[in-house]
Amino acid sequence: MSNKSHLGHQAKKRFGQNFLHDDAVISRIVDAINPCSGENLVEIGPGLGALTEPVIERAGDISVVELDRDLAHRLRHHPFIAKNLTIHETDALKFDFATLADEQALRIFGNLPYNISTPLIFHLLTFKDKVKDMHFMLQKEVVNRMAAEPNSKTYGRLSIMCQYYCQVIPVMEIGPEAFQPPPKVDSAIVRLIPHKEIMYPAKDVKWLERVTREAFSMRRKTIRNSFKKLISAEQLEALGIKASLRPENLSMHDYITVANYLTDNPPEL
């Protein structure tokens with residue numbers, strides 16, 4: 001049985017806790033983030049401070065969002081970095097990150113719990129206008145999905161929505177041995193840089209969310225079938241989109257085209 005205690009803290013399964021302990025990997029991650037003094041840095045899930053301490057060494061004061069009250073308590077009483085921390089003891093999924101924004105755009109980073117990583121990414125994307133960049137440790141498979149291109153099995157709703165808002169850059173892969181306890185999957189670091197201007201914006205992003213959700217909830221079906229409650233095959237063809245295609249074959253531009261059509265021509269539901 002693997003030891004799930006690290007630095008005196010018992011990892012909690014309900015929080016998806018896996019703590020980085022490999023100094024070489026930690027150094028590479030901090031180099032990728034490249035924190036600098038005076039920046040508005042925010043860490044999600046600082047845990048035992050594996051990234052927190054070296055980031056503070058380079059940048060000074062940072063804000064952290066930590067749900068585990070035991071870990072928040074440890075950070076408040078940390079002998080070296082407590083004075084540099086503003087601790088928000090709350091659920092990152094419910095936290096209003098806009099409250100941390102000032103004249104400096106947010107630089108958000110963290111080793112995200114894999115069990116909530118996808119909904120947390122969608123939550124963070126709603127604050128993209130206040131964010132300079134984001135660096136996250138995620139399950140490798142999630143990073144692959146975020147960066148996927150059309151016509152691949154990993155391409156889906158997460159790919160489209162992340163790439164709609166941000167440039168998605170896979171940075172490095174990390175094996176389970178860098179963590180305690182080691183997860184059962186490989187991990188990866190991804191860099192997200194919000195677009196300053198969306199080249200082909202959706203008229204109503206809620207429709208883009210809706211059509212991608214409808215499409216990929218039945219990804220093995222053709223879009224003729226997955227969209228049948230929203231738009232007819234004839235209307236799709238008129239938009240230049242073949243109704244016989246599967247969801248993974250459509251580009252982000254195609255999904256935006258459908259979303260914009262439905263914004264102007266909402267179906268009678």
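Derivation of every value follows stated rules applied to the coordinates shown; laboratory data play no part. Since we're looking at a predicted model, the values are computed, not measured. Neighbour counts are summed over all protein chains in view; Cβ atoms, including those assigned to glycine, are modelled from backbone coordinates with ideal geometry.
Results, tabulated for the structure shown:
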{"read-out": "Structure-derived Cα extents along the principal axes in Å - corresponding label in (i) 179, 51, 39; (ii) 67, 48, 31; (iii) 65, 35, 34", "value": "(ii)"}
{"read-out": "Residue-averaged [θ]222 nm for the chain, counting only DSSP H segments that reach four residues, each worth -39500 (n - 2.57)", "value": "-9000 deg cm²/dmol"}
{"read-out": "Additional length obtainable on full extension of the chain from M172 to H195, 0.36 nm per residue less Cα span", "value": "6.1 nm"}
{"read-out": "Rel. contact order, % - alpha carbon contacts under 8 angstrom, at least six apart, region 5-194", "value": "22"}
{"read-out": "Span from the region 28-47 Cα centroid across to the region 148-212 one, whole angstrom", "value": "20"}
{"read-out": "Shape category assigned to region 80-182 from the gyration tensor of Cα positions, a/c cut at 1.5", "value": "oblate"}
{"read-out": "Cα gyration tensor, region 205-264 - rounded (a/c under 1.5), prolate or oblate", "value": "rounded"}
{"read-out": "Förster radius 51 Å - calculated FRET efficiency between V185 and N265, Cβ distance, rounded to 0.05", "value": "0.75"}
{"read-out": "³J(HN,Hα) computed for each position of region 84-99 - Karplus, 6.51 cos²θ - 1.76 cosθ + 1.60, integer Hz, glycine/proline x", "value": "9, 10, 10, 9, 10, 8, 7, 7, 4, 5, 10, 7, 8, 5, 4, 5"}
{"read-out": "³J(HN,Hα) computed for each position of region 120-128 - Karplus, 6.51 cos²θ - 1.76 cosθ + 1.60, integer Hz, glycine/proline x", "value": "5, 4, 4, 5, 5, 5, 6, 9, 4"}
{"read-out": "Estimated dipole of the chain in Debye, rounded to 20 [Cβ of Lys and Arg +1, of Asp and Glu -1, Cα centre]", "value": "1000"}
